[in-house]
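The values are calculated or read from the model by the stated rules, or taken from the named source; none is laboratory data. This one's a predicted model, so the numbers in the text were calculated from it and none came from an experiment. Reconstructed Cβ throughout: ideal geometry from the backbone, glycine too, with neighbour counts over all protein chains shown.
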Amino acid sequence: MATFEQKSIIITGAAMGLGLAAAKELAGRGANLTLMDFNEGQLKEVAAQLSEEFPDVKIITVAGDASNEEDVKKYVSEAQKAFGRIDGLYNNAGIEGRQAPITEYDIQVFKKVIDVNLMGVYYGMRHVIPVMQQQKYGRIVNVASVGGIRGVQNQVAYVASKHAVSGMTKNAALEYGRDGITTNAIAPGAILTPMVAEAFKQVNPNDPKAAETEYAQRNPIKRLGIPSEVAKVVAFLLSEDASYVNGQTIAIDGGESNIYGNS
Ligand code: NAI
């Protein structure tokens, strides 16, 4: 299992869900962390809990909006100030938007989803890469989705943004591999986080648990994923062990994205 001692890793959207799970996994392996989220209260709580559990690692928090370039510059400069370097960026902050067919999709929600999921990931890479170039080392993990590989009914903005994440990941891999920087994306399937719980509420407001159970039946493993299962793959991609993996979008979905038709 790769260690992250003396490594400095930034995690966006770290206050809950997949970001929080990665923070726990990486702190447990000795990483110093810059945790960023717009939910400042929750972020501070999470940082305090992690510091108590892992007293040997240093954790700083930066409250801000990943879709605001100035806030992105801030988390980059704060990480540099605290740790002198940035070894990894887990570009994870993202939102789902609303469920609606293309012709009825709310345009403002569409733009917001693109702003956070696409521009947020882009700004992160734009401002972290120059630091990594100077170091001649870096690992970037962008968060796409199975919706970045396939269509997902009623989620046009999300699918557009996540396909873009996968595309930008390929470009970063081509443009900065020579600088010792690898860039990959993950494509989680349905992982039980607050975001997914909210989606099931939209699918079946009267019985979200029934929507969840029905959804799980489509999966070859017949259950939803849990955040720690994603965090372990993220830790691998952020580690030195993943030195020859570059430009890939790795599905973490129990095999669901391979299904054709009704299995
Ligand atoms: P979540 O909603 O449980 O947690 C997301 C975190 O990001 C929250 O703490 C929220 O405050 C923060 N955040 C949202 N927008 C932000 C912004 N503009 N600036 C700063 N922080 C912001 O979501 P979850 O499930 O943990 O998702 C994390 C990432 O994984 C997202 O990019 C999502 O699209 C992706 N994903 C999740 C899947 C799942 O099944 N949970 C499946 C596929 C992808």
Failed criterion for F83 (all others in (1) farther than 22 Å from S8 by Cβ; (2) in contact with a strand residue (DSSP E or B) (Cβ under 9 Å, 6 or more places away or on another chain) hold) | (1)
Of all residues in the range 230-247, which are surrounded by fewer than 18 Cβ atoms within 10 Å (Cβ to Cβ) and out of contact with any helix residue (DSSP H, G or I) (no Cβ under 7 Å at 6 or more places or on another chain)?
-> E240, D241, S243, Y244
Pairing a residue in the range 1-22 that is outside the structural domain of A82 (by TED's automatic domain parsing) with any residue that is within 9 Å of the ligand (Cβ to nearest atom) and among the basic types (K, R), where Cβ atoms lie under 7 Å and the two sit 6 or more apart in sequence or on different chains, gives none
Quick one: in the range 1-56, which of the residues that are small (G, A, S) and either in contact with a His (Cβ under 8 Å, 6 or more places away or on another chain) or more than 16 Å from the ligand (Cβ to nearest atom) (or both) is nearest to N68 (Cα to Cα)?
-> S8
Do you know which residues across the range 63-85 are under 15 Å from Y123 (Cα atoms) and away from the ligand (no atom under 16 Å from the Cβ)?
-> S77
Those residues of the range 18-33 which are outside any strand (DSSP E or B) and either touching a helix residue (DSSP H, G or I) at 6+ places or on another chain (Cβ under 7 Å) or surrounded by fewer than 23 Cβ atoms within 10 Å (Cβ to Cβ) (or both), in sequence order = L18, L20, A21, A22, A23, K24, E25, L26, A27, G28, R29, G30
Scan the range 128-185 for residues that are basic (K, R) and buried (at least 23 other Cβ atoms within 10 Å of the Cβ) and jot them down.
-> R139, K162
Search result, residues across the range 134-149 that are of a type outside the set (A, V, I, L, M) and in contact with a Lys or Arg (Cβ under 7 Å, 6 or more places away or on another chain) | Q135, S145, G147, G148
How many residues does the range 109-138 hold that are more than 15 Å from the ligand (Cβ to nearest atom), out of contact with any Leu (no Cβ under 8 Å at 6 or more places or on another chain) and of a type outside the set (A, V, I, L, M, F, W, C)?
-> 7
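Table: residues versus (1) assigned by TED's automatic domain parsing to the domain that holds M195; (2) modelled with pLDDT under 95; (3) acidic (D, E); (4) over 24 Å from V152 (Cβ atoms).
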residue	(1), (2), (3), (4)
V62	no, no, no, yes
D71	no, no, yes, yes
Y105	no, no, no, no
I129	no, no, no, yes
